[in-house]
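I have placed the structure first, in the form of C-alpha cells, so that the comments after it can refer back to it.
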C-alpha cells in the first residue's frame, strides 16, 4: 500500500470511528444499555484516538524528517505511539469512571506504557543486529 493510500484510509477509518463514537454517545443510555454501551463507548473512543493520534504523529514526524525512505519507519513508530497513548488514555478514563484514578495509578500506567515502549525498542534493536 502506498503512503498516500495509507493516509487516506487511516483518515476515513478515523472519521468513521469518530462518527461511531458520537452515535454511541447520542443514542445509548448507559443506565438502560448496560455493559454493551460501555464496551461500544470505550472501543470506539480507543479506535478514534488511535487514528487521530497516529495521523497527528505521522504529520509531525514527516515535518521533522524530510527523508522519503524513512516513511515506513515513521508510520510504524507513529502508529505504535498512538496505540500506547490511546490505551493509556482510555484506561485512565475507565479508572476515573470507577472513581479509582489516583496519582499512583497514573504512575503505574506511565511505567507500563514506558516499559512497553522500551520492550518494543529492545525487540527492534535486536532485529537490526
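Let's see how each residue does on (1) over 20 Å from the mean Cα position of the chain (by Cα); (2) at negative phi; (3) modelled with pLDDT under 95:
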| residue | (1), (2), (3) |
| --- | --- |
| 13 | no, yes, no |
| 31 | yes, yes, yes |
| 58 | no, yes, yes |
| 65 | yes, yes, yes |
* Pick out the one residue from 70, 1 that is without any contact (Cβ under 8 Å) to a residue 24 or more places away in the chain and under 20 Å from residue 121 (Cβ atoms). => 70
* Asked: Taking residue 38, is it surrounded by fewer than 16 Cβ atoms within 10 Å (Cβ to Cβ) and in contact with a helix residue (DSSP H, G or I) (Cβ under 7 Å, 6 or more places away or on another chain)?
  -> yes
* Asked: How many residues are assigned to a helix (DSSP H, G or I) and loosely packed, with under 11 Cβ neighbours inside 10 Å if we restrict to the range 73-110?
  -> 3
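The values are calculated or read from the model by the stated rules, or taken from the named source; none is laboratory data. Just so it is clear, the model here is predicted, and its values are computed rather than measured. Please note: Cβ atoms are built from the backbone with ideal geometry, for glycine as well, and neighbour counts cover all protein chains shown.
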